[in-house]
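Peer 1: Would you mind keeping the following structure in view while I ask a few things?
Just so it is clear, none of the values below were taken in a lab; they were calculated from the coordinates. Because the structure is a prediction, the values reported are computed rather than measured. Please note: Cβ atoms are built from the backbone with ideal geometry, for glycine as well, and neighbour counts cover all protein chains shown.
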Amino acid sequence: MNALLDFPNPVVLTAFGVPTTLIEVLGFLSGAFCVWLVARQHIANWPIGIVNCLMFILLFSQAGLYADASLQLVFITLGVYGWWNWVKGGGPAVDTLPVSRTRRNEWVGLIGAGLLGLAAITAFLTVATDSDVPFWDALTTVLSLMATYGQCRKRLESWYLWIAADIVFVPLYAYKGLYLTAILYVGFMALCVVGLRSWRKDLLAEKAPAEVAA
């Protein structure tokens, strides 16, 4: 962790009177591009997202958001899985994975795991780190993991989970002085609405032939 905290991160501009570093700018650009690609269901969102995670590992470690920094490692793993699943997860009958709804048993598992994870991460951050926002750091971690699972499976409801996470992320990052990143997450919320509408449209289009055939 000390090596990450000492990683060179020069100031390149000032946003709202606060110095903004190179890593935060790179995280802003790669993050915005990634979410735009997800909304368009473009496969390139996964490699761009992995690059974005690497930027945020450095940024969050230096800001003392340790759960968010560690979360990026999980995102990288899920990014590899999501990349594969978008290409191969639809099965031999289709070229790509179709948009679908989250099943009831998935919700039960996600909510149960989320509550356990929230309690465990909050306790760990409180005891083992100097974080001054352990609950909120843990909450964004859990919501992001739930949303990423849904994104990997192309579940429509993953967008609602991302919006919920972003609502917490924006004031959290502003509190930490990461104003450019806070602005980025406001943009993420807007892109989430675009993505939600796009995926819902595709879901309805996929259902229409099946209903006609029935």
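Peer 1: Residues in segment 146-174, backbone N under 20 Å from the label point at LEU116 (7 Å along the Cα-to-beta-carbon vector): list them, ranges by number please.
Peer 2: Output list for this probe position: 146-150.
Peer 1: Dipole magnitude of segment 59-214 about its Cα centre, charges +1 at Lys/Arg Cβ and -1 at Asp/Glu Cβ only, in debye to the nearest 20? Write down the numbers at each step before the final one.
Peer 2: Values: 12 positive and 11 negative charges, 109 e Å.
Here segment 59-214 has a charge dipole of around 520 debye.
Peer 1: Still on this structure, please answer the following. Would you mind getting me the FRET efficiency between GLU206 and VAL108? Use the beta-carbon distance for r and R0 = 22 Å, nearest 0.05.
Peer 2: Calculated value: 0.30.
Peer 1: For a footprinting-style exposure proxy, rank GLU24, GLU106 by other Cβ within 10 Å, fewest first.
Peer 2: Ranking GLU24, GLU106 by Cβ neighbours within 10 Å, fewest first, gives GLU106, GLU24.
Peer 1: A further question follows. Using a cut-off of 11 Å between beta-carbons, work out the net charge of the residues near VAL99 (Lys and Arg +1, Asp and Glu -1, VAL99 not included).
Peer 2: Working: positive: ARG101, ARG153, LYS154, ARG155, ARG200, LYS201, LYS207; negative: GLU157, ASP202, GLU206.
Computed value for this residue: +4.
Peer 1: With Cβ to Cβ distances under 14 Å as the rule, what net charge do the other residues near TRP83 carry (K, R +1; D, E -1)? Write out the running numbers ahead of the final one.
Peer 2: Working: positive: LYS88, ARG153, LYS154; negative: none.
It works out to a net charge of +3.
Peer 1: Decide, for segment 35-122, between rounded, prolate and oblate: order the square roots of the alpha carbon gyration tensor eigenvalues as a ≥ b ≥ c, take rounded if a/c falls under 1.5, and otherwise choose prolate if a/b is larger than b/c, else oblate.
Peer 2: oblate
Peer 1: Right, next: Residue by residue through segment 133-148, what is 3J(HN,Hα) from phi via Karplus (6.51 cos²θ - 1.76 cosθ + 1.60, θ = phi - 60°)? Round to whole Hz and write x for glycine and proline.
Peer 2: My calculation for segment 133-148 gives 9, x, 5, 5, 4, 5, 4, 5, 4, 5, 4, 5, 5, 4, 5, 5 Hz in order.
Peer 1: Net charge within 10 Å of LEU184 by Cβ-Cβ distance, Lys/Arg positive one each and Asp/Glu negative one each, not counting LEU184 itself?
Peer 2: -2
Peer 1: A further question follows. Under a 5 Å amide H to amide H cut-off, with H placed in plane at 1.01 Å, what residues pair with THR21 once short-range neighbours are removed?
Peer 2: Sorted by chain and number, the residues that satisfy this are VAL12.
Peer 1: HN-Hα J couplings of segment 115-124 from phi, Karplus 6.51/-1.76/1.60, θ = phi - 60°, integer Hz, Gly and Pro as x?
Peer 2: Along segment 115-124, the couplings run 5, 5, x, 4, 5, 5, 5, 4, 4, 4 Hz.
Peer 1: Here is a further query. Checking the a/c ratio against 1.5 first, then a/b against b/c, what shape does the Cα gyration tensor give for segment 113-214?
Peer 2: oblate
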